[in-house]
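Report on one structure; see the data block that follows.
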Amino acid sequence: MRSTALRWSALAVMLLPPLSGLGCPGRDGDTSFGEEGTNPLAPPLGPPVSYGAASIFNQPVPSDSPIEPGSQEIVEFLRRQHPNGIVLTTRFWSIPACYAGADTSPTEVRLTAPWRPLIDGRRVTHIRGVPIPQGAQPDPEDDGSLAIVDEASGFEYDFWQMRQTADGWIASWGNRIPLDGDGIFPTGYSARGSGFGLLAGVLWPEELRAGRIEHKLLCTLSAWACAAGGPVPPATESDGESLHPRALPEGAVLQLDPALNLDDPSLGLTPLEKTIARAMQEYGLIVGDNGGREIALQAVQMGSFRSNPYRDLITTEYVEDGYIILDHIQISWLHVLALPPQLADPPIALADESIYTTSKISP
């Protein structure tokens, strides 16, 4: 997220009663979501977004990767800071994806963030030519995330705090990124705090069902565990604010101990947990955002689908609001790969100014 707004933790979700009526568990009376947070009007999805083959997200962790000095102490700090363990979010605080069709008309989205950049001395006001399919639903939580995949143009459009009003679509911020690129905004201005595309490192039901994940997993840490002082590559910006000496910068990579035998029945891993843990061993976790008191992985949100694609995958405790608790994957199994130097003042600029409209700054 682009700010450190309070997020719902998995523990809070388990303790709180349902937030709305049966059959339509949307928040604040929202009835646009169907059973279990699905979207009865969701447009059809295309194939999972994987970006270019050379993307860092698609690279396994080299077998000779050095470990950060003090990794054990950092991991113990992470364990204490995340009492809810490791979870997979599928309903709230995850990423809705939708695909533009050939008949999707482009539209403008008004942008409202106070830090919107200037182009030739004029403030950005809108992003143009966005193909928003009918039925698209942003995340109903404060982040309001939405990723729109336009295969015709070859771009993914990412939005933060997006919503539809009587006057059209509005978002705090929006930008686009090439589908065949590396999944990273080179000079920031992303819809995440880290500069990563919204779909980078996100889990898709197809790969969970196949039992094979071939990319890094984006994870969020608590705000107290996300370091101030700028990102480390490959992240290009950061909203980390923690001054704790063991906090990790956005862009840091963690790996589950590759020597651990995930087939050992004493570990008690469910098939879903084993699939995710194996990806954590082979590709690693990359810190891409800050959040609640759990290390959260993100799946394509249930609001992207007309029926729940995760239902038949769950053989572990499944929390009502879409938090899959990965009870048997232990934070203590992780280590931190050697960290590059932090970028205290990374260059922040629009990579493509042509997609925006501007207005004169008021005196």
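Worth a mention:
- Region 322-363 and region 102-179 have Cα centres spaced 18 Å apart.
- Modelled spin labels at Asp345 and Thr165, positioned 7 Å past Cα toward Cβ, are 3.6 nm from each other.
- Sites Ser359 and Thr187, calculated FRET efficiency, Cβ-Cβ separation with R0 22 Å, nearest 0.05: 0.45
- Phi angles across region 99-112 convert, under the Karplus curve 6.51 cos²θ - 1.76 cosθ + 1.60 with θ = phi - 60°, into 3J(HN,Hα) values of 10, 6, x, 4, 9, 6, 7, x, 9, 8, 10, 6, 10, 10 Hz, Gly and Pro given as x.
- The residues Trp93, Trp173, Trp224, when put in order of fewest to most other Cβ atoms within 10 Å, stand as Trp224, Trp173, Trp93.
- Size of electric dipole in the chain: Cβ of Lys, Arg +1 and of Asp, Glu -1, about Cα centre, debye, nearest 20: 620
- The Rg/Rh ratio of region 227-268, with Rg taken over Cα atoms and Rh as the Kirkwood radius over Cα pairs, comes to 1.24.
- Inverse of mean 1/r across different Cα pairs in region 250-301, Kirkwood, Å: 12.4
- Maximal additional length on extending the Gln72-Arg116 stretch stands at 11.8 nm, based on 0.36 nm per residue less the C-alpha distance.
- Applying the criteria of a DSSP loop state and at most 11 other Cβ atoms within 10 Å to the GluC sites (Glu not before Pro) of region 134-212 yields no site.
- FRET efficiency for Asn261 and Asp180, using Cβ-Cβ distance with R0 set to 35 Å, rounded to 0.05: 0.40
- Applying the Karplus relation 6.51 cos²θ - 1.76 cosθ + 1.60 with θ = phi - 60° to region 117-132 yields 3J(HN,Hα) values of x, 9, 10, 6, x, 10, 6, 4, 10, 9, 10, 9, x, 8, x, 8 Hz, where x marks Gly and Pro.
- At full extension, Arg128 and Glu108 could sit 6.7 nm farther apart than now, given 0.36 nm per residue minus the alpha carbon distance.
- When you work out D = kT/(6 pi eta Rh) for region 219-363 at 37 °C and 0.692 mPa s, using the Kirkwood radius from C-alpha pairs as Rh and the Stokes-Einstein form, the result is 185 µm²/s.
- Average 1/r across all pairs of distinct alpha carbons in region 103-217, invert it, and you get the Kirkwood radius: 15.1 Å.
- Note on region 88-171: Cα Rg divided by 2.2 N^0.38 Å, N the number of residues, gives 1.13.
Each value in this text was obtained by applying a stated rule to the coordinates, not by laboratory testing. Predicted model only: the values in this text are computed from it and were never measured. So basically every Cβ, Gly included, is an ideal-geometry build from the backbone, and we count neighbours across all protein chains shown.
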